[in-house]
Amino acid sequence: MLALITQLFPLWAILLSALAFFQPELFVGIKGQIIPLLTIIMLCMGLTLSINDFRNVMASRKALLVGVILQFSVMPIVALLIALLFGFDAELTVGMLLVGSVAGGTSSNVMCYLAKGDTALSISMTAISTLLGVLLTPVLVALLVGQSIDVPVQSMLISLLQVVVAPVLLGVVLNYLLGGVVKQLEPILPLFSMMAIVLIIAIVVALNADNIADIGGIVALAVVLHNSCGLLLGYGATALMGFDKKTCRTIAFEVGLQNSGLATALAMKFFTPAAALPGTLFSVWHNISGSLLAGYWAKKPLDEPADPHGVDNKATSKG
């Protein structure tokens, strides 16, 4: 039952977003809760990670390296190109770049599992990219858009340490010390994360109620294009490099599905509500696209065995 409720995340996000759009006063007053809600999400993520997940990095070094490089190159560059293509102003451009420059989202782990990907690699990539993103996210945004808008790199770095690294590491430590208790809580952790992100989405929708009527459609189109490019290039690039289908599927999700809740929170804290709009729409859409793709791939055979090091010379066909 809990799994079904969590899987219906896009539905809850749409319903609460609609309520926030028509009754924004219900959510505007709790805008100060976005950072605490994000902290809950990151703590839940940390509780699902163990030291062994980080050890798995050594077993798939090449796949991990390629995935992280794609994560922090494809998504920010594509975000900037799309923003330029659509002629977005500085606020929406920085919002797109925040989405493109954050780490992969935790939903990628679930989608990877459903699509018969390499779940251990997915979890390792999410953990590593989350930690690297603490430094890379503010730096990438500053490099790509810093000339047109002031990017508080140092303040963002400190905030990311507090909101991302601290709760994730706390979760890992609690998992190590209280593994039995955490194991019992594991089924409800995704529910807590989902409730937190849905509330964040509703708050941002409420704050952008006036803007959504005017620019929501074009931003949604940009977000769909951004997400699609991430999934396609994540799979295509790794397939061309000779990785097996299982690894290609994994990296496609890691590249295409972003921690858009973090992007939204950073936009709200350091920029404007309008800058948070791309992250809000991405949060809804990438769960829809990810679910559809995972369902499609789940029905497609992998054909070849997965290489624990992430490479299979025979695996050059499409999956």
(request) May I ask you to list the residues in segment 273-285 that are open to solvent by 40 Å² or more (accessible area, probe 1.4 Å) and either more than 21 Å from Thr6 (Cβ to Cβ) or modelled with pLDDT of 90 or more (or both)? (result) Pro273, Leu281
(request) Look through segment 106-121, keep the residues that are over 14 Å from Cys248 (Cβ atoms) and of a type in the set (Gly, Ala, Ser), and return whichever of them is surrounded by the most Cβ atoms within 10 Å (Cβ to Cβ). (result) Ser107
(message) Can you report the number of residues in segment 43-62 which are under 21 Å from Leu185 (Cα atoms) and either outside any helix (DSSP H, G or I) or at pLDDT 80 or above (or both)?
(response) 7
(message) Within segment 1-14, does at least one residue satisfy the condition of being at pLDDT 85 or above, open to solvent by 30 Å² or more (accessible area, probe 1.4 Å), part of a helix (DSSP H, G or I) and out of contact with any helix residue (DSSP H, G or I) (no Cβ under 8 Å at 6 or more places or on another chain)?
(response) no
(request) Of the numbered conditions (1) surrounded by fewer than 20 Cβ atoms within 10 Å (Cβ to Cβ); (2) not in a helix (DSSP H, G or I), Ile288 fails exactly one; give the number of that condition. (result) (2)
(message) I want to confirm something. Restricting to segment 122-137 and keeping residues that are β-branched (Val, Ile, Thr) and closer than 16 Å to Met156 by Cα, which single residue is surrounded by the most Cβ atoms within 10 Å (Cβ to Cβ)?
(response) Thr137
(message) So for segment 224-231 (the condition being modelled with pLDDT under 95, within 19 Å of Pro76 (Cβ to Cβ) and assigned to a helix (DSSP H, G or I)), does at least one residue qualify?
(response) no
(message) Just to verify a result, which residue in segment 147-181, among those that are among the hydroxyl-bearing types (Ser, Thr, Tyr) and farther than 18 Å from Asn52 by Cβ, is modelled with the lowest pLDDT?
(response) Ser148
(message) Given the criteria more than 17 Å from the chain's Cα centre (by Cα), surrounded by 17 or more Cβ atoms within 10 Å (Cβ to Cβ) and among the hydrophobic types (A, V, I, L, M, F, W, C), does Ala103 qualify?
(response) no
(request) Name the single residue, out of those in segment 18-40 being open to solvent by less than 20 Å² (accessible area, probe 1.4 Å) and at pLDDT below 90, that is farthest from Leu191 (Cα to Cα). (result) Ile34
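The values are calculated or read from the model by the stated rules, or taken from the named source; none is laboratory data. From a predicted model like this one, the values you see are computed outputs, not experimental measurements. Here the Cβ is made from the backbone with ideal geometry for all residues, glycine too, and neighbour counts use every protein chain on show. Note: areas computed on protein heavy atoms with side chains; ligands, DNA, RNA excluded. Shrake-Rupley method; radii C 1.70, N 1.55, O 1.52, S 1.80 Å.
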